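*Asks:* Below you'll find the structure I mean.
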Amino acid sequence: MSSATPPLASARKAGLFRSGEPFIWITGSGLAAAVLMVAGLLWLILANGLGFFWPAEVSQYALSDGRTVAGPLAARERVPDPGATAGTPPRWRIKVKQGNRDVTGEDFVWIDESAIRSTTKPADVIAFERREWGAFYGWVKEVRDGGNVVASGRDASWKALGALLPKALDVYEEALTLEKDRIGAVNFEKDKLRLARKKLERKGVSSGPDVEALAAKESKLQAEYDRLLTELQAVRSRVTAVLVLETAGGQEKELPLVQVVRADRPNEMGWFTKAGRYAANVWAFVSEDPRESNTEGGVFPAIFGTVLMVLIMSIVVTPLGVLTAFYLREYAKQGPVVSAVRIAVNNLAGVPSIVYGVFGLGFFIYFLGGSIDRLFFSEALPTPTWGTGGILWASLTLSLLTVPVVIVSAEEGLAAIPRGMREASLALGATKFETMWRVVLPAVMPSILTGLILAMARAAGEVAPLMITGVVKLAPALPIDGFAPFMHLDRKFMHLGFHIYDVGFQSPNVDAARPMVFTTTILLIVLVVALNLTAIVIRGRLRKKLRSSGI
Amino acid sequence: MDAQIMTAPTPALAIETRVSAPADAPASGAPALIELKRFNFWYGEKQALFDIDLTVKERSVTAFIGPSGCGKSTLLRCLNRMNDLIDGVRVEGSLRVNGEDLYGPDIDVVDVRKRLGMVFQKSNPFPKSIFENVVYGLRIQGERNRTRLRDACEVALKGAALWDEVKDRLDDSALSLSGGQMQRLCIARALAVEPEVVLMDEPCSALDPIATAKIEELIFSLKDRFTIVIVTHNMQQAARVSEETGFFMLGKLVEFDKTDVIFTRPKQKMTEDYITGRFG
């Protein structure tokens, strides 16, 4: 066509830039770059994290130096050889997770592929997850109970293990409940009595009916405590079985049955069994407490802490930001002062988050918390109650961090409400406040929620300010529990973002913990998306109410 | 309400600022409801209205016509003090409703707006249900009784000739209505609080001819119960609906008389030029 009509074609060429065609391409490539980066990041996290829960097959490698190593393949890479002449075929090595840290000393071992004589996949090899010392790969040689041999030989022992393990897990669960709930309750009461006694001592009361009453209560509690301890011993002693394990290298190791969390024969498992195990592993990850300084087990306390912190932050930041925006936009006389305030608010969003952390530490924890302690919790001093990091202080710090976002969104929403809507209300005899309350606030709700969505996303992913305002590696108790007053906002808490940092960089066993970094990241992303989706759905409903239904 | 309206103006009670000329006696028997004498208005330094003298009769339709920027809308918005919302406005002269000085020191602005309802150029329903829109003013006044609100809503919607179209979907969003229906809803909303005066600021300028005809019919039927002041660009409309017409030009009231006089035998050359389309 262009050759048939040369004048038209040239005209089109001359107007290429004016036609806007290149601009469309530029904007499109901008979007493409953004999408690529997000997709790449997600792919990296998902690819590394999702495989972690899949039961890996265990290979057994016989090496040319006579050693035998068994374990799942963890990585394969080219042996770096900078001095090699061109044309030399590359050499490869593999990383095997051999587990058995207590026996071999190393969780992972590098093997040169040229040193492998043979690779087998023994069907009967067992992968254990233990409460201590990480994974174990090997076989059960014998099962003993109270000095008697219950089963002997690999297959018989596996069967015996299958019969004994569920009961052992039940007993463990029972002991844990007893320890946490009932003994925990006694300890909680004991601590209250300790503080009450201290309070009396500070008043100078060392005898009298109060002291005696306290002593009576204390001895009663102590008796209860001793009784529970005996009960706990009794429960624990119900499982006495011991496994005699054998590694691929031929070493033996005794393992009490209570130490076993899970035992599988991954090489025997079919696809569906593996899928079931996968689901169970995922569930364990989100519902269990962490073990072994966070490198094993689940992250439930971190999920709980993150969600609770974001919720408290939202409850604080929404009214704060909305009220500020209303004053700035509706009541304040627009002028240089208001403009300066507005600029300052916008710039607050750019202050490094650690600065907020330092402020939170100084103002909330030392000043506010310290004052509360001196006024109301003086009996516990020098142990601080509120004068130390806690979930409330962390949430307040984060609400300061995110309040500019809410203010800006709410203000923009207010500016977008048509003048006619306010005038209609005023013309009907409404006061300015009634107009705000009945017309402006409902109409600005979607914008407020937009601000809240941004604030929540930021708060959930923030780590630095939390590290000095209340996040810990391992919190002994959740901020909400069954003991009055049920909400313990002074408690320290765990957080997924900090958990990622802790597991990835502070862990004693970084290689073993690395997959946890990715799984935790996935979880954090899922959590942020879930929180946002909730807010988006609510906002969508509100908008629908505010917009015409399209007739 | 009727008793209040029937009360004759009592100039003796009002505080006159600068009246020299005697008030024009109402042309016909209907008593005057709104009286302006030497009314001046400024937006900051800019004077928008100059010495307006005018009387609006009770239960009649009065139209303000004139080219854009002539001050007719400004005057309308002075009548229920909507101009107070703008910074730096100033008035001089007297504006009385029922003999009461609207800009006097003891006047409650919120009360003024209840008594002089307003319908705007662009329909501005609240993003609420049809029902909630109509009873908004009553709710503001503290009415909680559901039956009374229902009844008032029905009366107002019937008054605005909208009842038959929306009676089955009062809980639908007001924003689902058509443009003409929305404007009638805004009229119903203004009627629901039973104002003495309904001020209409170019109520049909955004509507198609059929919707316009409906609103004009409505205005005609409302005149038995309400005093209506309407600002319009459309001279035919003014001729059709109003009894008296004021022609404004550059902030001044050029001529004010019975509508048929204005449109057939105007006294001023400028009025004649405008209505015959020689400018404007």
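The values are calculated or read from the model by the stated rules, or taken from the named source; none is laboratory data. Given the structure is predicted, the values throughout are model-derived calculations rather than measurements. Please note: Cβ atoms are built from the backbone with ideal geometry, for glycine as well, and neighbour counts cover all protein chains shown. Areas reflect the complete protein model, heavy atoms only, side chains present, ligands, DNA and RNA absent. Shrake-Rupley method; radii C 1.70, N 1.55, O 1.52, S 1.80 Å.
*Asks:* Tell me, what is the percent relative contact order of chain A, built from C-alpha pairs under 8 Å that lie six or more residues apart? Before the final figure, lay out each step's value.
*Replies:* Working: 766 pairs, mean separation 77.6, N = 551.
Across chain A, relative contact order equals 14 percent.
*Asks:* Could you state the per residue volume, in Å³, of the convex hull enclosing the Cα atoms of the protein assembly as shown? Write out the running numbers ahead of the final one.
*Replies:* Numbers: hull volume 278.0 nm³, N = 831.
Residue-normalised Cα hull volume stands at 335 Å³.
*Asks:* How large is ³J(HN,Hα) for each residue in the stretch A:214-222, as worked out from phi by the Karplus curve 6.51 cos²θ - 1.76 cosθ + 1.60 (θ = phi - 60°), to whole Hz, x for Gly and Pro?
*Replies:* Karplus values, whole Hz, x for Gly and Pro: 4, 4, 4, 4, 5, 5, 5, 5, 4.
*Asks:* Chains B and A: what accessible area do they bury, summed, in square angstrom to the nearest 100, with a 1.4 Å probe?
*Replies:* 2000
*Asks:* Over chain B, one equal point on each Cα, no solvent: what is log10 I(q)/I(0) by the Debye formula at q = 0.14 Å⁻¹?
*Replies:* Computed log10 I(q)/I(0) values: -1.02.
*Asks:* Next up: Please find the FRET efficiency linking A:Arg374 to A:Tyr331, where r is the Cβ-Cβ separation and R0 is fixed at 41 Å, and quote it to the nearest 0.05.
*Replies:* Values: r = 38 Å, r/R0 = 0.92.
Efficiency, from the Cβ-Cβ distance: 0.60.
*Asks:* Counting only residues 5 or more places away or on other chains, whose amide H sits under 5 Å from the amide H of A:Asp145 once H atoms are built in the peptide plane?
*Replies:* A:Val150, A:Val242
*Asks:* Give the Kirkwood hydrodynamic radius (Å, one decimal) of the stretch B:29-134, defined as one over the mean of 1/r across all pairs of different Cα atoms.
*Replies:* Working: mean 1/r = 0.0657 Å⁻¹.
The Cα-based Kirkwood calculation yields 15.2 Å.
*Asks:* On a full-extension model of 0.36 nm per residue, what is the gain between B:Glu217 and B:Glu165, subtracting their alpha-carbon distance, rounded to one decimal in nm?
*Replies:* 17.1 nm
*Asks:* B:Lys214: which lysines have alpha carbons under 22 Å from its alpha carbon, excluding same-chain residues fewer than 8 sequence positions away?
*Replies:* B:Lys122, B:Lys158, B:Lys167, B:Lys223
*Asks:* Once every DSSP H run of n ≥ 4 in the protein assembly as shown is given -39500 (n - 2.57) and the sum is divided by its residues, what mean residue ellipticity at 222 nm do you get, rounded to the nearest 500 deg cm²/dmol?
*Replies:* -15000 deg cm²/dmol
*Asks:* Oh, and also: Give me the distance in nm between label points sitting 7 Å out from Cα along the Cα-to-Cβ direction at A:Val35 and B:Ser205, one decimal.
*Replies:* 4.5
*Asks:* Lys/Arg Cβ at +1, Asp/Glu Cβ at -1, dipole of chain B taken about the Cα centre: which of B:Ser205, B:Leu95, B:Ala190 is farthest positive-ward?
*Replies:* My answer, from the dipole projection, is B:Ser205.
*Asks:* Note the full-extension length gain between A:Asn532 and A:Phe188 as 0.36 nm times their separation in residues minus their Cα-Cα distance, in nm to one decimal. Could the numbers behind the result be given before it?
*Replies:* Working: separation 344, 0.36 × 344 = 123.84 nm, distance 3.70 nm.
Residue separation times 0.36 nm, minus the Cα-Cα distance, leaves 120.1 nm.
*Asks:* Which distance in Å, rounded to a whole number, links the C-alpha centroids of the stretch B:213-245 and the stretch A:199-268?
*Replies:* 90
*Asks:* So for the stretch A:300-549, averaging the separation of alpha carbon pairs under 8 Å that are six or more residues apart and normalising by length, what relative contact order in percent results? Present the calculation step by step, with values, prior to reporting the outcome.
*Replies:* Values: 328 pairs, mean separation 67.8, N = 250.
Dividing the mean separation by the residue count of the stretch A:300-549 yields 27 percent.
*Asks:* Report relative contact order for chain B in percent, whole number only (criteria: Cα-Cα under 8 Å, sequence separation at least 6).
*Replies:* Details: 515 pairs, mean separation 68.4, N = 280.
That works out to 24 percent.
*Asks:* Starting from the 7 Å offset along Cα-to-Cβ, what nm value, one decimal, do you get for the label separation of A:Leu50 and B:Lys267?
*Replies:* Reported label-point gap for A:Leu50 and B:Lys267 is 8.8 nm.
*Asks:* Let me ask another. Which lysines have a Cα less than 18 Å from the Cα of A:Lys198, not counting those fewer than 8 places away in the same chain?
*Replies:* Output for A:Lys198: A:Lys190, A:Lys217.
*Asks:* Hey, what do the phi angles of the stretch B:66-75 turn into as Karplus ³J(HN,Hα) couplings, whole Hz, using 6.51/-1.76/1.60 and θ = phi - 60°, x for Gly and Pro?
*Replies:* These are the phi-based 3J(HN,Hα) values: x, x, 4, x, 7, x, 5, 5, 4, 5 Hz.
*Asks:* Once each part is reduced to its C-alpha centroid, what is the distance from the stretch B:39-84 to the stretch A:328-347 in angstrom?
*Replies:* The stretch B:39-84 and the stretch A:328-347 have Cα centres separated by 34 Å.
*Asks:* Next question, about the same structure. Could you point to the residue in A:Val171, A:Ala47, A:Ala513 farthest towards the positive end of chain A's charge dipole, with +1 and -1 charges on the Cβ of Lys/Arg and Asp/Glu respectively?
*Replies:* Going by the Cα projections, it comes out as A:Ala47.
*Asks:* Let me ask something else. Under the √(5λ) rule applied to the eigenvalues of the Cα gyration tensor, what semi-axes describe the equivalent ellipsoid of the stretch A:300-549? Give them in Å, descending.
*Replies:* Its equivalent ellipsoid spans semi-axes of 37, 22, 17 Å.
*Asks:* So, one more: With every atom except the alpha carbons ignored, what do you get for Rg and Dmax of the stretch A:147-239, in angstroms?
*Replies:* When restricted to the Cα atoms of the stretch A:147-239, Rg and Dmax are 21.7, 70 Å.
*Asks:* Compute the distance in nm between two label points, each set 7 Å from the Cα along the Cα-to-Cβ direction, one at A:Gln506 and one at A:Glu179.
*Replies:* For the pair A:Gln506/A:Glu179, the computed spacing is 2.3 nm.
*Asks:* Here is a further query. Tell me, what ³J(HN,Hα) does each residue in the stretch B:56-61 have, in order and in whole Hz, if you take phi through Karplus 6.51 cos²θ - 1.76 cosθ + 1.60 with θ = phi - 60° and put x for Gly and Pro?
*Replies:* 9, 8, 5, 6, 9, 10
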